[in-house]
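Read the figures in this text as sums done on the coordinates, not as results from a lab. As the structure is a computational prediction, the values presented were derived from the model and not from experiment. Positions of Cβ are generated from backbone atoms using ideal geometry, with glycine treated the same way; all protein chains shown enter the neighbour counts.
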Amino acid sequence: MKIALDPFMHRHLSLEALPSKVAELGYQWIELSPRADFLEWFKSPRVFPDRIKSFRKALSDSGVGVATLLPMYRWASNDEDERKATVRHWKRAIEIAVELGVDTMNSEFDRGPHPDKGTCYCCHTGSMVKACEDAWWRSMEELVPVFER
């Protein structure tokens, strides 16, 4: 069993400083939730090869691992452009997980379109509306083969 710390309350620290803070708090594992400098809420991942390399070094130096990544993207959006962008973001997040040696990703399955677009926002209703459910299935058709690899 892995007991992981979600270091959201320490988001003021740089990505590279997180592992030593996690170790200082007595944890060996991080659940990496959305961060503006990594996998930001609903935006393209902000991670490049040098960043992954420096983060991996910080993890190794502190003896801490990443148990899970928690990307948050609107994969159930009924706005097709937003849904397609989300699928691209998910594919990159999966690549990042693989590069970090992370085999578990968490998310929310009912994340509908952005509320500013004036369309349904499924999270407020507690259930998926048909258009968002259909969008989620289209996203899964594209992403499941990537997850399975």
Per-residue ellipticity at 222 nm for the chain, helices alone: DSSP H runs ≥ 4 residues times -39500 (n - 2.57), over residue total, nearest 500 deg cm²/dmol?
-14000 deg cm²/dmol
Using the Karplus curve 6.51 cos²θ - 1.76 cosθ + 1.60 with θ = phi - 60°, work out ³J(HN,Hα) for each residue of the range 132-139 in order, rounded to whole Hz, and write x for Gly and Pro.
6, 4, 4, 5, 4, 5, 4, 4
Summing +1 per Lys or Arg and -1 per Asp or Glu among the other residues with Cβ less than 15 Å from residue 28's Cβ gives -2
For residue 104, net neighbour charge (Lys/Arg +1, Asp/Glu -1) across residues whose Cβ lies under 10 Å away
-1
Residues whose built amide H sits under 5 Å from the amide H of residue 66, excluding neighbours closer than 5 in sequence, are 30
Where does helix 80-100 land angle-wise versus the long Cα axis of the chain, in degrees 0 to 90, nearest 10?
20 degrees
Candidates per chymotrypsin sites (Phe, Trp or Tyr not before Pro) in the range 4-78, loop by DSSP, up to 13 other Cβ within 10 Å
41
Roughly how big is the chain's charge dipole about its Cα centre, with Cβ charges of +1 (Lys, Arg) and -1 (Asp, Glu), in debye to the nearest 20?
280 debye
Angle between the Cα long axis of helix 49-62 and the longest principal axis of the chain, 0 to 90 degrees, nearest 10?
50 degrees
Quick one: which residues, 5 or more positions from residue 4 or on another chain, have an amide H under 5 Å from its amide H? H modelled 1.01 Å from N in the peptide plane, none for Pro or chain starts.
none
Please arrange 94, 3, 30 by how many other C-beta atoms lie within 10 Å of their C-beta, fewest to most.
3, 94, 30
Mind checking Rg over Rh on the chain, alpha carbons, Kirkwood formula for Rh?
1.01
